[in-house]
Structures are given as structure tokens and as C-alpha cells.
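Below: one structure, written as C-alpha cells.
The values are calculated or read from the model by the stated rules, or taken from the named source; none is laboratory data. Note that the coordinates shown come from a computational prediction; the quantities given were computed from them, not determined experimentally. Cβ placement follows ideal geometry from the backbone for every residue including glycine, while neighbour counts extend to all protein chains displayed. Please note that ligands, DNA and RNA were not included when accessible areas were found on the heavy atoms of the full protein model with its side chains. Shrake-Rupley method; radii C 1.70, N 1.55, O 1.52, S 1.80 Å.
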Amino acid sequence: QVHVVESGGGLVQPGGSLRLSCVASGSIFRITTMGWYRQAPGKQRELVAAMSSVGMSNYADSVKGRFTISRDNAKSTVYLQMNSLKPEDTAVYYCNKVSQVAWAWGQGTQVTVSS
């Protein structure tokens, strides 16, 4: 079973930036399409960014142009650079593989955008 640990969240003002990190156990990471998900209070978890094992990325329309996903396969780590943050980006952010069957979910990292 692969385990993931997310970090890097915090409180930031609108327009600010944060960089999230997610470390996954296991060598399977390097052949896995990875994604960043978020869940706001009272809402379903949604996929906001994904990157294939060969570096192709996709983004939800709500974050396109503001968020950038990247990965370091040697470190089994995926990153999410978030710029121009908005209050509506407030959520718990999770990483996991992009698949019908996910790995066990980590604890996530809270991102709060507020003045």
C-alpha cells in the first residue's frame, strides 16, 4: 500500500502564493499519473491538477493559469505551485493517483485564503 504525506499549506492573503508538496512511498510513483485534489467545506472532493509519469499536465478551469503541478520522480514527490490565490481556493488539499481506485488518502494540508 502506498502512503502519501502532504505539506505546505497555510494562511495566505488573496493574491498570495503557496507551494504544496506531497511525498509518496513506493517506487510505483514514477509510473503513476498523480493529481492534486481539494475539498472545501460542504463540497465534494475535486481534482484540480494532474501530471502523467512523462510530465503531461491538466488543470481544472478554475485554477488554469494560476496553479502549476510538477513532479520529481527521483524523490517520489509531486508539487503544486499556487499563485494569485483567491478565497474560493480555501480547502484541504490532497494528493493521490488519478485512478478509479485511489491509494489511501493522506491527512491533506489546509489552505486558507483570507484577508
After finding the eigenvalues of the alpha carbon gyration tensor for the range 60-115, what semi-axes result from the square roots of 5 times each, listed largest first in whole Å? 22, 14, 12
Over all pairs of different Cα atoms in the chain, the reciprocal of the mean inverse distance gives a Kirkwood radius in Å of 14.0 Å
Under unit Cβ charges (Lys, Arg +1; Asp, Glu -1), what dipole magnitude, rounded to 20 debye, does the chain have relative to its Cα centre? 120 debye
With unit charges on the beta carbons (Lys and Arg positive, Asp and Glu negative) and the dipole taken about the Cα centre of the chain, which residue among Ala74, Tyr94, Gly35 sits farthest to the positive side? Ala74
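Count charges around Phe29 for me, please; just the other residues with Cβ under 11 Å from its Cβ, Lys/Arg as +1, Asp/Glu as -1.
Values: positive: Arg30, Arg71, Lys75, Lys97; negative: Asp72.
Cβ neighbours under 11 Å give a net charge of +3.
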Taking only protein heavy atoms and a 1.4 Å probe, the highest-to-lowest accessible-area order of Trp103, Trp36 is Trp103, Trp36
Could you compute the net charge surrounding Cys95? Neighbours are other residues with a C-beta less than 14 Å from the C-beta of Cys95; K and R count +1, D and E count -1. +3
Which of Ala50, Ala60, Ala74 moves most in a GNM of the chain, Cα contacts under 10 Å? Ala74
Over 11 Å apart: what share of the alpha carbon pairs of the range 32-76 falls there, rounded to a whole percent? 66 percent
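Of all the accessible heavy-atom surface of the chain, with the other protein chains kept in place and a 1.4 Å probe, what percent is carbon and sulfur?
On the way: 3020 of 6110 Å².
Solvent-exposed carbon and sulfur of the chain make up 49 percent of the total.
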